[in-house]
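Q: Below are the structure tokens for one structure; questions will follow.
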Amino acid sequence: MTETYFFDTDCISAFLWVRNESILARLYPGKIVLPTQVYDEIKAVPPLLHRVDTMKTAGLITVQSIDYGTDEYKDYRELAISPPSGETIIGKGEAAAIALTKKNNGVLASNNLRDIKKYVEKYNLKHITTGDILVEALNQGIITEADGNTIWTNMIAKQRMLPTATFTEFLRTYSRK
């Protein structure tokens, strides 16, 4: 079974900002989906939009909308627009990625654990982060540990929030796979 990866803005942007989207293209060719809400957020940053559009033209990324009245729309609305009493609103990109992941039994690619962890557990979603992706790239020989450290440092320099100071440190604490 081929899995589909639904990216939120932060996770895909981590790779776009440091011009390493080729890692995603090699790991998940044709399996990356950006919800329309994520694509709309990326539109605000022309250099990132250009790289996403290049990937789209090459067939590496698709953009998927959520149709009004569907189950995924109801989930999206509950997460991003009108949550139940006592619940907080999360970002539109994250909410759309969660709703589409749930509907399609895919993999959620998101770094914002504070906002999404509850829903990953509630809906029993498969989930990966930027760190997980870099570990997978390392394991598949796409990058070396030194490459991972350079990419990690560059991501931090571009204001990406990562859980450790270095990729090497992340590898030492990594326990997912």
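The values are calculated or read from the model by the stated rules, or taken from the named source; none is laboratory data. Keep in mind it's a predicted model, so treat the numbers as computed, not measured. Methodologically, a virtual Cβ is constructed for each residue, glycine included, from the backbone with ideal geometry; neighbour enumeration extends over all protein chains shown. Each accessible area value is taken on the protein alone, full model and side chains, heavy atoms only, with ligands, DNA and RNA left out. Shrake-Rupley method; radii C 1.70, N 1.55, O 1.52, S 1.80 Å.
Q: If you take the residues of the range 79-114 that are closer than 23 Å to Thr166 by Cα and surrounded by fewer than 20 Cβ atoms within 10 Å (Cβ to Cβ), which of them is farthest from the chain's Cα centre (by Cα)?
A: In this case the residue turns out to be Arg114.
Q: Applying the selection to the range 64-97, what residues are acidic (Asp, Glu) and in a loop (DSSP other than H, G, I, E, B)? Spell out the reasoning first.
A: At the first step, the residues of the range 64-97 found to be acidic (Asp, Glu) are 67, 71-72, 75, 78, 87, 94.
The answer is Asp67, Glu87.
Q: Go through Pro29, Pro47 for me and flag whichever is under 21 Å from Ala157 (Cα atoms) and surrounded by fewer than 21 Cβ atoms within 10 Å (Cβ to Cβ).
A: The match here is Pro47.
Q: Sort out which residues of the range 1-57 are in contact with an Asp or Glu (Cβ under 6 Å, 6 or more places away or on another chain), closer than 20 Å to Lys92 by Cβ and not β-branched (Val, Ile, Thr), and write them in order of number.
A: Once the filter is applied, which keeps residues that are in contact with an Asp or Glu (Cβ under 6 Å, 6 or more places away or on another chain), closer than 20 Å to Lys92 by Cβ and not β-branched (Val, Ile, Thr), the range 1-57 yields only Asp8.
Q: When Gly131 is evaluated against the numbered criteria (1) open to solvent by 10 Å² or more (accessible area, probe 1.4 Å); (2) assigned to a helix (DSSP H, G or I); (3) in contact (Cβ under 8 Å) with a residue 40 or more places away in the chain; (4) not β-branched (Val, Ile, Thr), which criterion, by number, is the only one it fails?
A: Only one criterion is unmet by Gly131, namely (1).
Q: From Ile23, Ile66, which residue is over 12 Å from the mean Cα position of the chain (by Cα), buried (at least 20 other Cβ atoms within 10 Å of the Cβ) and within 15 Å of Thr130 (Cβ to Cβ)?
A: Going through Ile23, Ile66 in turn, the sole match is Ile23.
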